């Protein structure tokens, strides 16, 4: 990641980390829960050949601050709006993975004037189903058990093993992403932010926040849906449901991939995104977006 070093800005009194590189039309890459901008490390140099790429660490994640506060999708979307303003970026194509997909949809919904295209990668917010382990973590008192589940010595030993495997040239990107998420939760401040973020979008019954009631608005902008057919976190059925709910959307299923197709097949992922960017026009105007919203809710569509 030396070509895309961690940069930092202060936003509303909190430090926000991000990576940036390349030139051309802007793409905003949003990571998933307990992740960070590092998840895009293999994709960044590929996309930066043609585009300006910005990959932030959401608040509560990575190198960004972990304050007490609002970890809802709306708060994340507003924070990204303000980060883009600080970076003097007027419009972006937004691609979000897992939790980041929910944030991307929220950003497009709250601030359509900023979003040219939408990309959803193993995205949350498209159905109730989610891995039961995440549902268990929403139970009351989980935060008091987590120090036992994520001890520092296990993280340190696991990091040693991970480095050994990497040095031997072995590659298991899906497991590496899961390990990084696990290792991050050895830190108390990360655990607190994780629980607050998790409970904002998931309850014991599954995903508690859905974009399906307003997903029709995505018809107003080009939309790409990417999913691994072996995703153990959010079922691939959600990809097909989203495709059917968004007229004109593009669906790419990565066979043999899990929850991180961008990390498991970065070259193919970058090619899909590049083709999507080159073959689609930017989103319709905000006035057209508003017209779609009004017409739909008046029963005219």
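Every number here is computed from the coordinates shown, using simple stated rules; none is lab data. Quick caveat, the model's predicted, so the values are computed rather than measured. Here Cβ is always computed from backbone atoms with ideal geometry, including for glycine, and neighbour counts include all displayed protein chains.
When a footprinting reagent is the concern and you count Cβ atoms within 10 Å, what order do 221, 68, 105 take, fewest first?
Ascending Cβ contact count within 10 Å gives the list 68, 221, 105.
For segment 38-118, what is the per residue volume of the convex hull drawn over the alpha-carbon atoms, in cubic angstrom?
97 Å³
Just to verify a number: FRET efficiency for residue 213 and residue 175, C-beta to C-beta distance, R0 = 41 Å, to 0.05?
0.70
I'd like the antiparallel share, as a percent to the nearest 5, of DSSP beta bridges with both residues in the chain.
In the chain, approximately 35 percent of DSSP beta bridges are antiparallel ones.
Neighbouring Cβ atoms within 10 Å as the yardstick, rank 57, 82 fewest first.
In increasing order of surrounding Cβ atoms, one gets 82, 57.
For segment 164-268, just say rounded, prolate or oblate: build the C-alpha gyration tensor, square-root its eigenvalues into a ≥ b ≥ c, call rounded for a/c under 1.5, and beyond that prolate if a/b exceeds b/c, oblate if not.
The shape class here is oblate.
What percent do you get for the relative contact order of segment 1-149 when only Cα pairs under 8 Å and 6+ apart count?
Relative contact order of segment 1-149: 21 percent.
Tell me what the chain gives for mean residue ellipticity at 222 nm when only DSSP H runs of n ≥ 4 count, each as -39,500 (n - 2.57), the sum divided by the residue total, rounded to 500 deg cm²/dmol.
-12000 deg cm²/dmol
Taking other Cβ within 10 Å of each residue's Cβ, how do 213, 275 sort, fewest first?
By the 10 Å Cβ count, ascending, the order reads 213, 275.
How big is the gap, in Å, between the Cα center of segment 23-101 and the Cα center of segment 225-301?
That distance is 17 Å.
With only alpha-carbon pairs counted, each pair once and no self-pairs, how large is the Kirkwood hydrodynamic radius of segment 223-301 in angstroms?
Kirkwood radius, segment 223-301: 14.4 Å.
Please report Rg (one decimal) and Dmax (integer) in Å for the Cα set of segment 94-137.
Cα-based Rg and Dmax for segment 94-137 come out at 11.8, 38 Å.
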